[in-house]
Amino acid sequence: MNAVIRAITLRASQEKNWEVIGSINAFDGILNEPNEIAVLDEKRVGGIHIRGGTIIGTTNKGGPFAWPIKNPDGTWGSADRSDEMLRRLQYLGVDAVINIGGDGSQAISQKFYEKGLNIIGVPKTIDNDLSATDFTFGFQTAVQEATTAVDKLVTTADSHNRVLILEVMGRYAGWIALHAAVAGGAHVCLIPEIAYDVPKVVERIYQRFDKGRGFAIIVVAEGAKPVEGEMYYEESSETGYKNVRLGGVATKLMKELKDGGLEADMRETVLGHLQRGGTPIAYDRVLATQFGVKAFEMVLEGKYGEMVAYRHPNIVSVPFKEAIAHYNFVDPQSDLVKTARGTGICMGD
C-alpha cells in the first residue's frame, strides 16, 4: 500500500494545482472529530515503498455506511454516515478520492460513486480474490512468505520423519496455498475450491513413508473443508467487523488424519499474519507503483466509478460493478491445478 501511496503522490507532483492528502485509518480519518488527515508530498513518501503496510493506517471494521455506534442499553449497532462523509469531503475541498482495498472496500467505492462522489479504486488484497484483475499487489509477497515457510518445514520434517501441516491465509480462495505448494514442492495441497477426502490424503501420505521413514508437507488454505463437512470458522465478536474469523483448520485436519488411521508423527504450523507483513518483494512494488500512477491518471481523465486492474501485460481500468461482481476462485480445471497434480501433489480428491 505504501508503494501505491508513493506513486500517486509522485505522479500528482508533476501536475499543477494538485495536492494529495491521506485519510488516517481509511475513511475513519475524515469522519473522526477532529479530522485526522496527513498532507502527502515527495518528502513524506520518500522511501516508503520498501515498507509493508501503510503509513496512513487502515481498517476493515465499520465504514461510512455502517459506522459502529453504542446504543443506550450498551449494545452495538450501526449508522449510515455516508452523506456526512460527502459533506466533509466537500468542506475539505477534495476533488477526487482514490480508495485502496479489496472487495469490501470497492463495494463501498461503488456506493459512493452512486451518490455522486468522484472516486477511483485500487485493488489490494493478499488473497487475490478480485476477479477483475489478474493479480492484486501483496499476493506475490504473501506467496513468497508461505513458500519460505514450506522450505523451512522440509528440513525438520525430513530429519524427524514427520508430517507437517502448514495453514495459510486466503479466506474463500486457495490462491496462496496453491502457489506456495507448487513453489515449495509440497506433497498435499488442500484448498476451498476442492473438498478433500481424508482417506485419499492418508493414502498419499503413506506413499511417502517406507518402514516408518519418510516425511510429507501439507499446505492447507484456511478455508479448506472436507467432503462431508464445513469450513472451520468462528463468528467475530469485534465491533464493526462483519467477516467471520477463519483459522484453525490445520489442527482440525490433524485430528481428521489421526481419526482416519494415520499413525505418523504430525505437527501443525499456522503462518497467520506473518504473511501480511515484512518487506514487499520487487514484483509487488512494481505492480503497486503501476497501479498508483494509473489511478492518478484516471483522476486526470475523469474516469470515476472504475478500479485499476492488471490485465497482462497492460494496466487498465474496469467499472466497480465488474470488479466486485464475481469472487475470484481457483478453477479446479486450471493449468496451475493440473501442474500441481502433474508433479504428484495430492489435492485431496
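General remarks:
- H273 satisfies every condition listed in (1) within 23 Å of the chain's Cα centre (by Cα); (2) outside the structural domain of E145 (by TED's automatic domain parsing) except (2).
- Condition check for Y232: within 19 Å of the chain's Cα centre (by Cα), at pLDDT below 95 and not polar (S, T, N, Q): yes
- Pick from segment 104-136, criterion surrounded by fewer than 20 Cβ atoms within 10 Å (Cβ to Cβ) and among the acidic types (D, E), ranking: farthest from I24 (Cα to Cα): D134
- Of the residues making up segment 292-334, those that are under 17 Å from F137 (Cα atoms) and of a type in the set (S, T, Y) are Y310, S317, Y327.
- Among (1) surrounded by fewer than 19 Cβ atoms within 10 Å (Cβ to Cβ); (2) at pLDDT 95 or above; (3) over 30 Å from G185 (Cβ atoms) - the single one T339 does not satisfy: (3)
- Screening L86 against (1) buried (at least 16 other Cβ atoms within 10 Å of the Cβ); (2) modelled with pLDDT of 95 or more; (3) not in a helix (DSSP H, G or I) leaves a single unmet condition, (3).
- Considering only residues in segment 137-156 that are of a type in the set (A, V, I, L, M) and in contact with a helix residue (DSSP H, G or I) (Cβ under 6 Å, 6 or more places away or on another chain), the one that is surrounded by the most Cβ atoms within 10 Å (Cβ to Cβ) turns out to be A142.
The values are calculated or read from the model by the stated rules, or taken from the named source; none is laboratory data. Just so you know, these numbers come straight off a predicted model, no measurement behind them. Heads up, the Cβs are rebuilt from the backbone with ideal geometry, glycines too, and the neighbour counts pull from every protein chain shown.
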